[in-house]
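Laboratory data are not the source of any read-out in this text; all were calculated from the coordinates shown. If you're wondering where the values come from, they're calculated on a predicted model, not measured in any experiment. All Cβ positions, glycine included, derive from the backbone under ideal geometry; neighbour counts span all protein chains shown.
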Amino acid sequence: MPFSKTGGLADVLGALPQAIARLGWDVTLVVPRYRGTTAGTRVDRVAITVGGYHTDVNVYQEDIGNGARALLIEEPSLYDRDSLYASGGVDYPDNARRFAVLSRAALELSMRNGSGPTVVHAHDWQAGLAPVYLDTVYKSHPILGRPASVFTIHNMAYQGSFEPDWLPRLDLPWSLLSIDEMEFYGRVSFLKGAINHADAITTVSAQYAREIQTPEFGFGFDGILRARADRLQGVLNGIDTVQWDPATDPHLPAPFSRDDLAGKRDAKAAVLARYGLPADAAALDRPLIGMISRMVDQKGLDLIEALGGELSTLGATFVILGTGDTRYEDFWKGMAVAHPATIGVKVGFDEGLAHLIEAGADLFLMPSRFEPCGLNQMYSLRYGTVPLVRRVGGLADTVRDEQEGARSNGFVFDDYTPAALLGTLTRALGIYQKKKRWLRLQRAGMALDHSWDRSAREYVKIYERAISKGDSNGSR
Ligand code: ADP
Ligand code: GLC
């Protein structure tokens, strides 16, 4: 279970460490102890100094399964805040420090057993300074001079860019303010630093690994990534098949499975009721379209907004869950007011409801502009909820269109236009009426195995390669 969550990164870090540990590795996850986290027992208090900023942090430890452990860093002035990264849409002004302290604490704590780690695996810009520190501040350190570093990009849209005068306050030399280092449009980017200093770079699907080397998806980093292409690899995320299992999910009114889908109709009734929508026989026969999403441009909400009222003419019911940009929250709230019997909207974050929607919906909507991996389409497949997605990133790697032969499990469109989305929605709703074809799609999706084991094995290979490269170089 993740300790804190804004999106898929939490799901990944809630499952990957255990999957790596299952393969025999000794894994320690280090995360901030954000507000509301109650996990762990206090095991340590350590002094951390970054760029003259001194703080004592409390370290909480929690076993997370298979011998893996999480260390949660408690520092109320840095992490005990309303939200994780921003307030009222504005990033916290000290984010550079907040996450520098996280990386430094992780590295300092990794030496506690005297021998240090063999691999440091950092995720997204928030941990991006870890590979940079290993390659600069700790380069000649007797313990921390040795580990290989692996950096995973979960989303190129978030780059951790700060004013250059942060450099000395992060213990980093001015030489890093160079185009070959961390400089990005006059600022310093933690993402760029990590890309340029990690021994291996991964991202969360093979398709996204290709896409981010192009101007359309690279967010200005495509050239840098092409230059580092020899160490960049896509590893598709898995899903936690224990947390997300329709046969045992405690959030559902009745269990169901590939062989017996009857309980799915109970979930549909339950989700309609939760939204205060009609749940009579006619309503249960209407196709139910679900969407659970951060409400940001990435997720294709402008396409949906452009269709607007046309959505209500499709003969389907919608259940929407998400938070994000006011513009999109307001759009959906307006839609629910205008179509109270067929469009239900909840603005907020609700893990249990997310499970119920995945179970109760017939069709799951993910028309993303870009999608590094995407987890909801994999949850949908497992819950017999047919995904309708755009052919990008991990969506392209996991969903196969109804017209594409035997292993079809969903609906896929290419052009990022409202017309392409509408056309595919209409096609999908037509096929919903053909019960046998629909069932075939559901069952094809439910047969897939997206558990973490395969991906974890790929990460282990990447770790081993990065370690052996470092060894053959003598030092890194
Ligand atoms: P991203 O990380 O870009 O947001 P993913 O599809 O990888 O997209 O992961 C999103 C995760 O966050 C899923 O587990 C999804 O169910 C969850 N999620 C997103 N918004 C909400 C919400 N409002 N309430 C509950 N869960 C949410
Ligand atoms: C990011 C991406 C999403 C991915 C998740 C976990 O937030 O937007 O596509 O699934 O990270 O890797």
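Points to keep in mind about this one:
- With q set to 0.12, 0.15, 0.17, 0.18 Å⁻¹, the log10 of I(q)/I(0) for region 126-276, from the Debye formula over equal scatterers at the Cα positions, is -0.65, -0.79, -0.91, -0.98.
- The orientation-averaged projected area of the convex hull spanned by the Cα atoms of region 262-449 comes to 9.4 nm².
- Between region 304-365 and region 167-244, the alpha-carbon center distance in angstrom: 33
- Normalising the average separation of contacting C-alpha pairs (under 8 angstrom, six or more residues apart) by the number of residues puts the relative contact order of the chain at 13 percent.
- Look at where the Cα atoms of region 27-45 and of region 53-98 average out, and the two centres are 8 Å apart.
- Taking a straight Cα-Cα cut-off under 20 Å and skipping sequence neighbours fewer than 8 places away in the same chain, the aspartates and glutamates within cross-link reach of Lys435 are Asp259, Asp260, Asp266, Asp280, Asp285, Glu358, Asp362, Asp401, Glu402, Glu404.
- Scalar couplings 3J(HN,Hα) for region 303-317, obtained by applying the Karplus form with A = 6.51, B = -1.76, C = 1.60 to θ = phi - 60°, are 5, 5, 4, 5, 6, x, x, 4, 4, 6, 9, 8, x, 10, 10 Hz; x denotes Gly and Pro.
- Volume of the convex hull of region 248-360 (Cα atoms only), normalised per residue: 104 Å³.
- The length gained by stretching the chain between Asp230 and Val460 to full extension, at 0.36 nm per residue less their Cα-Cα distance, is 81.0 nm.
- Here the Debye sum runs over all C-alpha atoms of the chain as equal scatterers in vacuum, and log10 of I(q)/I(0) at q = 0.07, 0.09 Å⁻¹ comes out as -0.38, -0.62.
- Each peptide in 104-110, 430-436, 372-378, 37-43 receives the mean, over its residues, of other Cβ atoms within 10 Å, and ordering these scores from highest gives 372-378, 104-110, 37-43, 430-436.
- Using Cβ point charges alone (K and R +1, D and E -1), the dipole size of the chain about the Cα centre works out to roughly 880 debye.
- Shape of region 51-153, Cα gyration tensor, a/c cut at 1.5: prolate
- Centroid-to-centroid, using Cα positions, region 409-476 and region 127-152 are 32 Å apart.
- Rounded to the nearest 20 debye, dipole of region 262-449 from Cβ charges on Lys, Arg, Asp, Glu: 700
- Straight-distance candidates among the lysines for linking to Lys5, with alpha-carbon spacing under 20 Å and chain neighbours fewer than 8 residues away dropped: Lys299, Lys346.
- 0 to 90° range, to nearest 10: angle between helix 351-360 axis and the chain longest Cα axis: 40
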